[in-house]
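Below you'll find the structure, written out as structure tokens, and then a few comments.
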Amino acid sequence: MENLHFTEQTLAKISAQESDFLASSRKKNFEIFSKLSMPSFKEEEWRYTDLLSLKLHEFSPIEKNHKFQTAALKNKDVIFIPLSKAAKEHEDLVKKYLFTAHKDFIYSDKLAALESSFWNDGVFLYVPKDVSYEEPVSLTSLVDDSGKMISHHNLIVLEQNASANFYEDL
């Protein structure tokens, strides 16, 4: 399989079937990724991590050949679906919350900007205000590609006084 690397062309291919909002978000984050330098052990948060041997050009985003197994939910007010599907069916909610909690981190960290540009699905869990969902919400992700960056992005939104138990198995 062709190694597509992390380029503008790869990003365009990934974004081709997405909403304008998602494609625009990816493009903006890719521009940030392109401008930032790799983290260094001189930075406090990377002090104990040696990234000198990490060769990003040897990796590429994984194709969408992965599968998610999600459990059916008993409460119809709770949404638990693949993030790509949620971006189409619940665009207003996804747009409101996607990458908002750690926006400053994306703008300052090359690897966070990379993940926010090339994430390849994940799940969307939404629990409305004053709903406590006690049943475990679990996700199992099965991937069998080597040399690929696996970057699932899970968006979990708990409105005021809401709760849920989320588990992920890779």
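The values are calculated or read from the model by the stated rules, or taken from the named source; none is laboratory data. Here the structure is a predicted model, which is why all the values come from computation and not from measurement. Here the Cβ is made from the backbone with ideal geometry for all residues, glycine too, and neighbour counts use every protein chain on show. For accessibility, only protein heavy atoms count, side chains too; no ligands or nucleic acids. Shrake-Rupley method; radii C 1.70, N 1.55, O 1.52, S 1.80 Å.
General observations
- A search for C-beta distances below 7 Å between a residue of region 98-111 that is touching a residue at least 24 places away in the same chain (Cβ under 8 Å) and any residue that is in a loop (DSSP other than H, G, I, E, B) and among the aromatic types (Phe, Trp, Tyr), counting only pairs 6+ apart in sequence or on different chains, returns Ile106/Phe99.
- Hits in region 120-135 (condition: open to solvent by 20 Å² or more (accessible area, probe 1.4 Å) and either under 21 Å from the mean Cα position of the chain (by Cα) or in contact (Cβ under 8 Å) with a residue 40 or more places away in the chain (or both)): Tyr126, Pro128, Val131, Glu135
- Number of positions in region 1-54 that are outside any loop (DSSP other than H, G, I, E, B), open to solvent by 70 Å² or more (accessible area, probe 1.4 Å) and basic (Lys, Arg): 4
- Top-ranked residue in region 154-170 [being on the phi < 0 side of the Ramachandran plot and at pLDDT 90 or above; ranked as most open to solvent (accessible area, probe 1.4 Å)]: Gln160
- The combined condition, being touching a residue at least 60 places away in the same chain (Cβ under 8 Å) and not in a strand (DSSP E or B), is fulfilled by Lys95.
- Which listed residue, of Ser151, Ser146, Ser117, is modelled with pLDDT under 80 and under 13 Å from the mean Cα position of the chain (by Cα): Ser151
- Of the numbered criteria (1) more than 22 Å from Ala164 (Cβ to Cβ); (2) open to solvent by 30 Å² or more (accessible area, probe 1.4 Å); (3) at pLDDT below 85, the one Tyr107 fails is (3).
- Residue pairs meeting the criteria (Cβ under 7 Å; at least 6 apart or on separate chains; first under 9 Å from Lys110 (Cβ atoms), in region 25-37; second of a type in the set (Val, Ile, Thr) and in a helix (DSSP H, G or I)): Ile32/Ile106
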